[in-house]
1. Read through the list (1) more than 16 Å from ligand 2 (Cβ to nearest atom); (2) within 14 Å of chain A (Cβ to nearest Cβ); (3) within 17 Å of the chain's Cα centre (by Cα), then give the number of the only condition that B:Ser71 fails.
2. Restricting region A:141-198 to residues that are open to solvent by less than 20 Å² (accessible area, probe 1.4 Å) and not in a helix (DSSP H, G or I), which is farthest from A:Val227 (Cα to Cα)?
3. Search region B:213-227 for residues that are over 22 Å from B:Ala251 (Cα atoms) and within 13 Å of ligand 1 (Cβ to nearest atom) and pair each with any residue that is open to solvent by 10 Å² or more (accessible area, probe 1.4 Å) and hydrophobic (A, V, I, L, M, F, W, C) when their beta-carbon atoms are under 7 Å apart and the residues are at least 6 apart or on different chains.
4. Could you identify the single residue in A:Leu191, A:Leu248 that is hydrophobic (A, V, I, L, M, F, W, C) and within 10 Å of chain B (Cβ to nearest Cβ)?
5. Just give me the residues in region B:95-118 being more than 16 Å from ligand 2 (Cβ to nearest atom) and open to solvent by 20 Å² or more (accessible area, probe 1.4 Å), in sequence order.
6. Here is a check on your reading of the model: is B:Arg28 open to solvent by 40 Å² or more (accessible area, probe 1.4 Å), away from every other protein chain (no Cβ under 14 Å), within 12 Å of ligand 1 (Cβ to nearest atom) and of a type in the set (D, E, K, R)?
7. Given the structure, is B:Ala43 more than 14 Å from ligand 2 (Cβ to nearest atom) and surrounded by fewer than 21 Cβ atoms within 10 Å (Cβ to Cβ)?
8. Residues of region B:120-135 being out of contact with any helix residue (DSSP H, G or I) (no Cβ under 6 Å at 6 or more places or on another chain) and in a loop (DSSP other than H, G, I, E, B), which ones?
Amino acid sequence: MSLSRALTDEIEGERARPDAVTASGAGVPRSRTSRAARAVGTRLSGAWPALLGLAVLVGLWQLVVVLLKVNPTVLPSPARVASQGWMNRSALWQNTLPTIKETLIGIVAALGVSAVLSAAIDLSKPARRVVYPLLVASQSIPVLVIAPLFVIWFGFGLLPKVLVVILVTFFPTTVALLEGFNSTEPEASNLIRSMGGGRFKEFWMLRVPTALPFFFAGLRVAVSFAVMAAIFGEWVGASVGLGVYMELEKNALRTDLVFAAVVVTAALSMVLYGLTFLIQNATMPWYRHSRQIKRIK
Amino acid sequence: MTKSRATPSQFHGGAAIEVIDVSKTFQRRGEHLAVLDRISLEAAAGEFISIIGPSGCGKSTLFNILAGLESADGGKVEVNGAVATGASEHFAYKPQKDLLFPWRRVLDNATLGLEVQGMKKKDARQLVEPLIEKFGLTGFEHCYPYELSGGMRQRVALLRTVVQGRQIVLLDEPFGALDYLTRTDLQLWLSSMWEQFHWTVVLVTHDVPEALLLSDRVYVLGNRPASVCCVLDVDLPRPRGLECIGTPRFAELEEVLLTNLRDPERANRSSSIGSAHLIGDGRVDG
Ligand SMILES: Nc1ncnc2c1ncn2[C@@H]1O[C@H](COP(=O)(O)OP(=O)(O)O)[C@@H](O)[C@H]1O
Ligand SMILES: [Mg+2]
């Protein structure tokens, strides 16, 4: 409903835009704040079906557990998960913080790694020949095997978890960036060259901005694996974190608290996922609107 | 390479260019594709010349050679009498597509060339801002390209081209993708801009009236491999407006060009029409 209104507004805006040589400020597009507000509204109203679906699922689950009198150690009811989780909120929170820290540090480091790797591969032929195959090979290392080795090499601290996160997340963003660089129009490269720009100017002023939409697509893939990777890193060997918490509560047969930790994990992933959209809209304000117009055309 | 710092006065005037016997053959999967066959043409400083020819005959290839993006197999290019083959710094090139960068606002697209040349963004903006009004972009400086119509996009691309402060402007079918009315508007506008600034302009087009309306001289290229098959001096009085299109002289010149374009061979045989100068003959003036 509000989505369709937003779209018709775009069409009308387009039609109303004058193309007279004499247009002297009369047809300046509408304020950006109203646009932003509408965009947020669209996004929220778009989430309703998903929330409704989730509510139905949770309701069914509750119903089944209550009606069949399932043992809470086997499958706790959502209500029990919620209330027990709330009662143990401080322990949960204390174990969530380190996981957040590992995830964020890991993602940021992975971004650094993929920026350096993709730039090197894009800018230099030897790097393409040497690094690209290694990169692909790195993805065939089973995390299952390498994570315990990280613990042996680097101990029980922050580093091994961050490394697991990096290993799992740098690949999607690197590949996305490379694809993005390659999607640059050759004519646009020629334009920069005709202006006297060299390889590096072309890279900064053309290839990097061209790659941004690809990058964010890759980042979303990376982010959706990141929390899980951090938890796996903890599960292999740590003293705090959601991975440790789940393991302990599982051994204590507190399935309800395991589920509570899972809910926190899912929430973390979703927040991170949503953040990528916020960052994307902040860095590429031109992107969403130009795409909307294209879709209409 | 010296970094050219453009000043507003540099937006005026231009340099003489001479293209002498430029040839080009592409190698494609072992096959040779001869595209340009000893092309020669010239423009004095501040002249507006057009190159017209069937599509696929090698017009864009010639521009790529001038702009230093492609190397010529033979011949040379001279700017103000000095050899400038493969040297891009004399030419401001506007390729066929407008190629506006979607992430740059209108003003920032216009300053692209200056920034590439190493000028600070602020200085570049100061240089470009006075021209915004002349290019009919007032009020749109801070719009993104997706907010513009086709005609405005072309004007931004033209602005980006001329502010580079280079001596010769190369325009590759700048209005090819526009509707008739917008195109005519922009042709008249470009004509008036040129009369103010007197850039040296080389325009590629396949629109006969466009070539006549704008140019001092028209070079007709034949089919691939292209060579210049006809040179036509356009002696229509300036400034030229819409009314110029209705004059008998315009119609005469139009017919000469069309005849040469449609059948270069036959036109060559009966070479006495109009002011067409056919390669090998002496120049016939109106
Ligand atoms: N880089 C290239 N490699 C091989 N063939 C090319 C290349 N560039 C252009 N051509 C060929 O040269 C011919 C002339 O192209 P072009 O100069 O773009 O023509 P025009 O601009 O006159 O329409 C075309 O047949 C095209 O396929
Ligand atoms: Mg072309």
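The values are calculated or read from the model by the stated rules, or taken from the named source; none is laboratory data. Since this is a predicted model, take the numbers as computed values, not measurements. No Cβ is skipped: glycine too gets one built from the backbone with ideal geometry, and neighbour counts run over all protein chains shown. Note: areas computed on protein heavy atoms with side chains; ligands, DNA, RNA excluded. Shrake-Rupley method; radii C 1.70, N 1.55, O 1.52, S 1.80 Å.
1. So B:Ser71 meets the others, but not (3).
2. A:Met195
3. B:Pro225/B:Ala34
4. From the options A:Leu191, A:Leu248, the qualifying one is A:Leu191.
5. If the condition is that a residue be more than 16 Å from ligand 2 (Cβ to nearest atom) and open to solvent by 20 Å² or more (accessible area, probe 1.4 Å), then B:Pro102, B:Trp103, B:Arg104, B:Arg105, B:Glu115, B:Gly118 are the ones that fit.
6. When the stated conditions are applied, B:Arg28 passes them.
7. no
8. Listed by number, the residues that qualify are B:Lys120, B:Glu133, B:Lys134.
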